[in-house]
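Presented below is the structure to which this report refers.
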Amino acid sequence: MNPIRFVRALPQPTRTVYALFLGTVVVAFAVMFAVGATGGDAFVAIAVPGALMVLVGVLQLLDVRGTASAMARHIAESRPMGVDYSRSFMSTPRYVRLLGLGLVVIGLFWCALGLGLVG
């Protein structure tokens, strides 16, 4: 699945938030490896991507401007790795909303790690 096509298939504001999330994840991990951060210092860099992950998850969970429907439609039409998911439960908005709930939980955990509340 092409990530650029995936992001382009999303409605606004999800497209912008998702692009920011992917960019901050790359930058955060690059900074962690470049600085050589270890232990608690390494987790500070993931607080911002964690907050954006929560926002992406909420947009999916609430189906803001058809986000979950657009993601489900893209999964059904794109055939990632040659597999046809058009009749699968994975290509339904309900499944995408469930993934959004997972993103909210993981994003909150990343924020808690970054702020030193966990670990």
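The values are calculated or read from the model by the stated rules, or taken from the named source; none is laboratory data. None of these values were measured; they are calculated from a predicted model. For neighbour counting, all protein chains shown are included, and Cβ atoms are generated from backbone atoms with ideal geometry for every residue, glycine included.
Below are the figures for this structure:
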{"read-out": "Residue in the range 100-109 that is surrounded by fewer than 16 Cβ atoms within 10 Å (Cβ to Cβ), within 16 Å of residue 6 (Cα to Cα) and at pLDDT 90 or above present", "value": "no"}
{"read-out": "Condition check for residue 85: in a loop (DSSP other than H, G, I, E, B), surrounded by 13 or more Cβ atoms within 10 Å (Cβ to Cβ) and at negative phi", "value": "yes"}
{"read-out": "Selected residue (criterion: surrounded by the fewest Cβ atoms within 10 Å (Cβ to Cβ)) from residues of the range 25-34 that are of a type outside the set (Gly, Ala, Ser) and modelled with pLDDT under 85", "value": "33"}
{"read-out": "Search result, residues across the range 62-89 that are aliphatic (A, V, I, L, M), over 14 Å from residue 9 (Cβ atoms) and more than 16 Å from the chain's Cα centre (by Cα)", "value": "81, 83"}
{"read-out": "Pairs where the first residue, in the range 101-119, is closer than 26 Å to residue 68 by Cα and among the hydroxyl-bearing types (Ser, Thr, Tyr) and the second is part of a loop (DSSP other than H, G, I, E, B) and modelled with pLDDT of 85 or more, C-beta under 7 Å, 6+ apart", "value": "none"}
{"read-out": "Test: residue in the range 1-24 that is among the charged types (D, E, K, R) and at pLDDT 90 or above", "value": "yes"}
{"read-out": "Looking only at the range 93-109, and only at residues there that are hydrophobic (A, V, I, L, M, F, W, C) and under 15 Å from residue 46 (Cβ atoms), the one that is nearest to the chain's Cα centre (by Cα)", "value": "103"}
{"read-out": "Any chance residue 45 is among the small types (Gly, Ala, Ser), over 14 Å from the mean Cα position of the chain (by Cα) and within 25 Å of residue 81 (Cβ to Cβ)", "value": "no"}
{"read-out": "Among (1) closer than 22 Å to residue 116 by Cβ; (2) exposed (fewer than 14 other Cβ atoms within 10 Å of the Cβ) - the single one residue 46 does not satisfy", "value": "(2)"}
{"read-out": "Those residues of the range 88-99 which are surrounded by 13 or more Cβ atoms within 10 Å (Cβ to Cβ) and either part of a helix (DSSP H, G or I) or of a type in the set (Lys, Arg) (or both), in sequence order", "value": "90, 91, 93, 95, 96, 97, 98, 99"}
